[in-house]
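One structure is given here, and the rest of the page talks about it.
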Amino acid sequence: MSRAVICRELGAPDVLRVETICSMPLAPGKVRVAIRAAGLNFPDVLMVAGEYQFKPDLPFIPGMEAAGDVIEVGSDVRDVSVGERVIVKLRNGAFAERVAVTPEHLAPLPSNFDYAEGATFLAAHGTAYHALVDRGQIKPGETLLVHGAGGGVGLAAVEIGKLLGATVIAAASSEKKLAVAKARGADHLVLYKREPFQDAVKRLTDGKGVDAVFDPVGGEIFEASQRCIAWGARMLVIGFTGGIGLAKTNLLLIKGASVLGVRAGEAVRRDPELGKARMKALFAWAEAGKIRPNVSHRLPFGDVAKAMRLLIDRKAIGRVALTME
C-alpha cells in the first residue's frame with residue numbers, strides 16, 4: 001500500500017485528494033521507485049482543470065516529474081540497480097509515493113542535487129533548452145528577453161541563455177524575483193510595474209530591440225513584446241499563464257520576425273535524438289555546477305493544493321516541490 005494524489009473530477013486544486021492505493025506486482029521490464037520529492041509545473045494545474053492539451057482519463061494521478069530511489073527491478077532489466085538515485089520523467093503520475101516505470105523514464109540524479117532539486121530539474125530546464133537551442137537557435141552576442149524570469153522555466157532560460165553567450169534581459173513582477181534572476185546571470189533587470197517593459201528594452205538595446213523573446217506568460221505580454229523586437233527576431237511561445245496572446249502580423253512582417261511554438265516533450269516523442277542531445281548537455285552543465293533549480297518552496301505531500309496555489313498566485317520564485325516525509 002502507498003499514497004498518491006488522485007484527481008477524480010476536474011477543477012481547482014482543491015478537488016485533489018491524497019488516497020491510499022494498492023501497489024501491484026512489478027511487471028516485466030519495469031522498475032519501481034520510491035519517490036522522495038515531486039516537482040510542480042503549471043501544466044499540472046491546467047491538467048487538473050481540464051485545460052491542458054494532454055487530457056488523461058479520470059481518475060488520474062497528476063505530476064510530470066519526481067526524484068527518488070530505485071527499490072525494485074524487474075528480472076529482465078539490466079541497466080538499473082536497486083539503490084540508484086534517479087529522476088523520473090512522466091506525462092502524469094508522479095505525485096505518488098511509489099511509481100513503476102520503464103527504464104526510459106529514468107535519468108540519474110546529478111550528484112550535487114538533492115531530491116527536490118532533481119524533481120524540479122528536467123521539465124523547466126528541458127523546456128528552456130528546447131526553446132533556446134532547438135527552436136530559437138540563440139547565438140553568442142544576441143540579446144534575449146526572458147519574461148516571467150522569476151518562475152521556474154524563466155530562471156532556467158536565464159541560466160541557459162547566459163551559457164549560450166546571449167545578453168539576457170530578465171523581466172519579472174517583483175524585486176525579489178529579479179534578485180534571483182541576477183544571481184543566475186541576468187545582465188539587465190526589468191520590473192514590470194516600474195515602466196512599460198517594451199520601453200525599458202528599447203532603452204537597454206539603444207532602440208535595436210531583442211533578437212529573441214522567451215515568453216511563458218502570453219496575453220498582453222506577448223502582444224507588447226512585438227513592439228521591442230529586432231530584425232529577424234524569434235518569439236518563443238512557452239505558455240500562456242497570463243492568457244492567450246494575439247499576433248500583430250504587421251509588426252511581425254515589418255521585422256521579418258518568427259513566432260515559434262515550444263513543446264519540449266512532444267518534440268522528443270517525435271524525434272528522440274533531440275532528447276538525447278538535450279539530456280547530455282543539461283546533465284553536463286548540472287554536474288559542472290552551471291545550472292541548478294531554485295526551489296523556493298518545499299511542502300509536505302499532503303499540501304498539494306496549497307503548493308499549486310503558489311504557482312497560480314505567482315508566489316514561487318523558481319520551483320515548488322512536494323516532499324515525501
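See the values below:
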| item | result |
| --- | --- |
| Search result, residues across the stretch 42-89 that are among the small types (Gly, Ala, Ser) and surrounded by fewer than 12 Cβ atoms within 10 Å (Cβ to Cβ) | SER75, SER81, GLY83 |
| Test result for THR120, of a type in the set (Ser, Thr, Tyr) and crowded, with 23+ Cβ neighbours inside 10 Å | yes |
| Residue check, ARG78 more than 20 Å from PHE121 (Cα to Cα), at pLDDT below 95 and of a type in the set (Lys, Arg) | yes |
| Options ARG36, ARG78, ARG32; residue that is farther than 21 Å from PRO216 by Cα, part of a loop (DSSP other than H, G, I, E, B) and of a type in the set (Lys, Arg) | ARG78 |
| Subset of the stretch 89-137 (residues that are under 26 Å from LEU58 (Cα atoms), under 16 Å from the mean Cα position of the chain (by Cα) and among the hydroxyl-bearing types (Ser, Thr, Tyr)) | THR120 |
| Out of GLY232, GLY243, GLY289, sole residue that is modelled with pLDDT of 95 or more and in a loop (DSSP other than H, G, I, E, B) | GLY289 |
| Selection count where residues are charged (D, E, K, R) and farther than 14 Å from ARG234 by Cα, scope the stretch 134-173 | 2 |
| Selection from the stretch 109-131 of residues that are assigned to a helix (DSSP H, G or I) and hydrophobic (A, V, I, L, M, F, W, C) | ALA116, ALA119, LEU122, ALA123, ALA124, ALA128, ALA131 |
| Pair list, Cβ < 8 Å and 6+ apart or interchain, from the stretch 177-197 residues that are in contact (Cβ under 8 Å) with a residue 12 or more places away in the chain to residues that are of a type in the set (Asp, Glu) | ARG184/GLU159; GLY185/GLU159; LEU191/GLU175 |
| Residue match in the stretch 252-273 (condition: in contact with a strand residue (DSSP E or B) (Cβ under 8 Å, 6 or more places away or on another chain) and modelled with pLDDT under 95) | no |
| Residues being part of a strand (DSSP E or B), of a type in the set (Asp, Glu) and more than 17 Å from the chain's Cα centre (by Cα) - total across the stretch 39-75 | 2 |
| The stretch 132-183, residues that are surrounded by 24 or more Cβ atoms within 10 Å (Cβ to Cβ) and part of a loop (DSSP other than H, G, I, E, B) | GLY136, ILE138, HIS147, GLY148, ALA149, GLY150, ALA166 |
| The stretch 81-108: number of residues that are of a type in the set (A, V, I, L, M, F, W, C), outside any strand (DSSP E or B) and touching a residue at least 40 places away in the same chain (Cβ under 8 Å) | 2 |
| Qualifying residues in the stretch 184-212 (those that are out of contact with any His (no Cβ under 7 Å at 6 or more places or on another chain) and among the aliphatic types (A, V, I, L, M)) - the one surrounded by the fewest Cβ atoms within 10 Å (Cβ to Cβ) | LEU191 |
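Conditions (1) in the same structural domain as ASN41 (by TED's automatic domain parsing); (2) surrounded by 12 or more Cβ atoms within 10 Å (Cβ to Cβ); (3) among the hydrophobic types (A, V, I, L, M, F, W, C); (4) within 19 Å of VAL201 (Cα to Cα), marked per residue:
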residue	(1), (2), (3), (4)
THR241	no, yes, no, no
ILE244	no, no, yes, no
LEU282	no, yes, yes, no
TRP285	no, yes, yes, no
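The values are calculated or read from the model by the stated rules, or taken from the named source; none is laboratory data. Remember, predicted model here, so these are calculated numbers, not experimental data. A quick note on method: Cβ atoms are made from the backbone with ideal geometry, for glycine too, and the neighbour counts reach across all protein chains shown.
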